[in-house]
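Trainee: Please see the structure below; I have some questions.
Read the figures in this text as sums done on the coordinates, not as results from a lab. Everything numeric here is computed off the predicted structure, so don't read it as measured data. Because the Cβ atoms are built from the backbone with ideal geometry, glycine has one as well, and the counts that use them run over all protein chains shown.
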Amino acid sequence: MSNAPRNSPLKIKLCEIEGETSTFIHAEILGNGNLQLAGQDLGKAPLEHFGDMDYEYWLTVPSEHKDQLLLELLNQLYQGDIFVVTKVMDILKAKSIPYKFDNYI
């Protein structure tokens with residue numbers, strides 16, 4: 001269970017699909033620094049596969065490996081993209097995440 005408040009900026013909603021099978025997935029930085037992806041499937045698919053209408057699951061990345069995951073995600077999303085610095089800076093600005101940009105001419 002998380003120590004972060006429900007509306008904490010350290011928790012984001014990744015997926016919310018409602019239907020015959022509803023799926024809800026969020027990512028959260030837990031109080032111990034671990035990254036946790038947590039999901040819940042409700043409805044037809046879990047009933048057919050597991051005999052229960054509710055299926056919950058978690059993927060936890062230990063805090064000491066978050067940096068490795070961050071670099072791998074950047075690599076997969078932006079490999080070969082000459083605008084990667086600008087795009088990441090745009091995300092940082094949009095989400096009010098502090099950063100420092102330096103250059104040399």
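Trainee: Can you tell me which residue among ILE97, ILE105, ILE82, ILE91 is part of a loop (DSSP other than H, G, I, E, B) and within 24 Å of ALA27 (Cα to Cα)? Even if it seems obvious, please write down each step before you answer.
Mentor: Details: ILE105 fails: within 24 Å of ALA27 (Cα to Cα); ILE82 fails: within 24 Å of ALA27 (Cα to Cα); ILE91 fails: part of a loop (DSSP other than H, G, I, E, B).
Matching residue, one of ILE97, ILE105, ILE82, ILE91: ILE97.
Trainee: Would you tally the residues in the range 33-75 being among the small types (Gly, Ala, Ser) and closer than 17 Å to LEU10 by Cα? Give the derivation first.
Mentor: Here is the first cut: in the range 33-75, the ones among the small types (Gly, Ala, Ser) are 33, 38-39, 43, 45, 51, 63.
In the following step, the residues that additionally are closer than 17 Å to LEU10 by Cα were identified as 33, 38-39, 63.
Here the count works out to 4.
Trainee: Looking at the range 79-104, I want the residues that are farther than 21 Å from LEU10 by Cβ and have a partner that is of a type in the set (Asp, Glu) and surrounded by 10 or more Cβ atoms within 10 Å (Cβ to Cβ) with Cβ atoms under 8 Å, at least 6 apart or on another chain. Which pairs are those?
Mentor: LYS87/ASP81
Trainee: When you scan the range 41-60, how many residues do you find that are surrounded by fewer than 15 Cβ atoms within 10 Å (Cβ to Cβ) and under 18 Å from HIS26 (Cβ atoms)?
Mentor: 6
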